[in-house]
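The values are calculated or read from the model by the stated rules, or taken from the named source; none is laboratory data. Remember, it's a predicted structure, so these values are computed and weren't measured experimentally. Cβ: placed from backbone, ideal geometry, glycine included. Neighbour counts: every protein chain shown. Surface accessibility is based on the protein's heavy atoms, side chains included, excluding ligands, DNA and RNA. Shrake-Rupley method; radii C 1.70, N 1.55, O 1.52, S 1.80 Å.
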Amino acid sequence: MKEPTDTAGSRPPKVRAMLRTLREDLLTARWDPLPKLSRPRWLAWLPHLLIGYVAALFGSVVTAQVNGHYQVDRTLAILLGVLTSVSIVVAMCWPMLGWWLALGAAVAIAVEIHPTVMLGQPWPWIPIGVFAFAPVVLLVALRVPPRVTVGVVTTTLVLSLVGELGFRPPPGQSTLTEAVLVLGVTGVLGYSLRAVRLARGRLVEQETLTEAERAQRTLLEERSRIARELHDVVAHHMSVISIQAQVAVHLAENPSEELKENLAGIRGNALEALTELRRVLGVLRSEHPDDPANPHHPQPTLAELDALVANVRAAGMEVTTEVAGIRRPLSPGLELTAYRVVQEALSNCLRHAPGSRVEVGLVYGPHSLHLCVANSAPTRSASPSPGAGHGLLGMRERAGMLGGDLAAGPRPGGGYEVSVVLPLDPPADALAEESRDRDR
């Protein structure tokens, strides 16, 4: 369907739209305070004080000229001078409202002095009038877009031209040229100062972004340094453990099968830990760990739970497992969290409850997965652990990430128990974290 067009062609709708936009820009009382100086702090209000002084000065001069030169009643002259001062002060916070007040004051002055204009006296602007109007135009141009500044100056000059052509008394002198020069220069000056202020703001923003990028680069360099140091120190010792476990069999005379199995388990665990270490340090070295161009070994799942339990049994701890419910694949994030919780709980049993019996329970419910790792009282004292004691905190954070709950504490008959409930439908705010875990 063809859209209706104006009888004068396609231009009038665009012109009407431009005029409507300009009208909305001019007919507004939006709060836009004059920005304070940021440094030094004691000069923050200096521009406001100077503008207040200028407003009082121009108000007094307008009063004197309207009363003395044009013989207007003194009370009315004082009111017109006060209105001129108020328009400048208002323009500091409401630029467009201040301009309308100044324009109203100028029109009122022109109307009041019209009957008393004598030969050679300027009209519609009094001698100081256009200069008293210039601060308002400057304050407007400092805060509004260029098109609004053009609209303000143009509207003022058009009203001056209408007054010159239609209402100027015969003895009066034209002030149009003076108004064009003063208001035009003031508008250009205000636009230039506004452009400088915006450029400085963008420069500060860019410097802030640059500083953030520099901090990020420093962080990445520090992560890379830590990764290298960890690899140099930890990987060396893990490699030595693996080699010593392999050689120890040949150094012992007639080694038993149990000794061979334990040494093989030590070597296997050392190699697995070394592989895990290199994978984690690879993530530390990478600026974008989720980048598919930097693939890593897939994260463990509950399918590898039997192998984890076998390693713990090989270390000399009695572990029993029980699985209830229909065993089925879960989301990668849930699988990883469940595996890590069981792994950390079993590690705590090895460190803090040597000789105890451990029970691992896994229940697949319709809406949640229940995990329980419980150990009996230890049969011998535990050796001092060099760890930082963040294992339980890490398990709680992993469970909380998926909206689950973790309870841990001593058992009534001795020992310790860790119980976790993980919902099968994690909350929406955990999906992003789960996606990152899945991609690694």
With the condition kept exactly as written, say whether any residue in region 53-62 is out of contact with any helix residue (DSSP H, G or I) (no Cβ under 6 Å at 6 or more places or on another chain), at pLDDT below 70 and open to solvent by 80 Å² or more (accessible area, probe 1.4 Å).
no
Determine if region 133-151 includes at least one residue that is in a helix (DSSP H, G or I), open to solvent by less than 10 Å² (accessible area, probe 1.4 Å), under 26 Å from Pro170 (Cα atoms) and in contact with a helix residue (DSSP H, G or I) (Cβ under 9 Å, 6 or more places away or on another chain).
yes
Failed item in (1) more than 24 Å from Trp31 (Cα to Cα); (2) at pLDDT 95 or above, with Val82 passing the rest:
(1)
Give region 248-261 a look and list any residue that's in a helix (DSSP H, G or I) and more than 16 Å from Met238 (Cα to Cα), or say none.
Val249, His250, Leu251, Glu257, Glu258, Leu259, Lys260, Glu261
Reported set for region 10-38 where residues are modelled with pLDDT of 80 or more, of a type in the set (A, V, I, L, M, F, W, C) and open to solvent by less than 60 Å² (accessible area, probe 1.4 Å) is Leu26
How many residues of region 296-328 are open to solvent by less than 50 Å² (accessible area, probe 1.4 Å) and within 11 Å of Tyr339 (Cβ to Cβ)? The answer is 6
Residue pairs within 6 Å by beta carbon, gap of at least six or interchain, first lying in region 83-111 and more than 24 Å from Val72 (Cα to Cα) and part of a helix (DSSP H, G or I), second of a type in the set (Lys, Arg) and open to solvent by less than 40 Å² (accessible area, probe 1.4 Å), listed first then second, are Pro95/Arg143
Note on Gly187: of the conditions (1) open to solvent by less than 50 Å² (accessible area, probe 1.4 Å); (2) more than 41 Å from the chain's Cα centre (by Cα), unmet is (2)
Regarding Glu318, is this residue modelled with pLDDT under 80 and either of a type outside the set (Gly, Ala, Ser) or at positive phi (or both)?
no
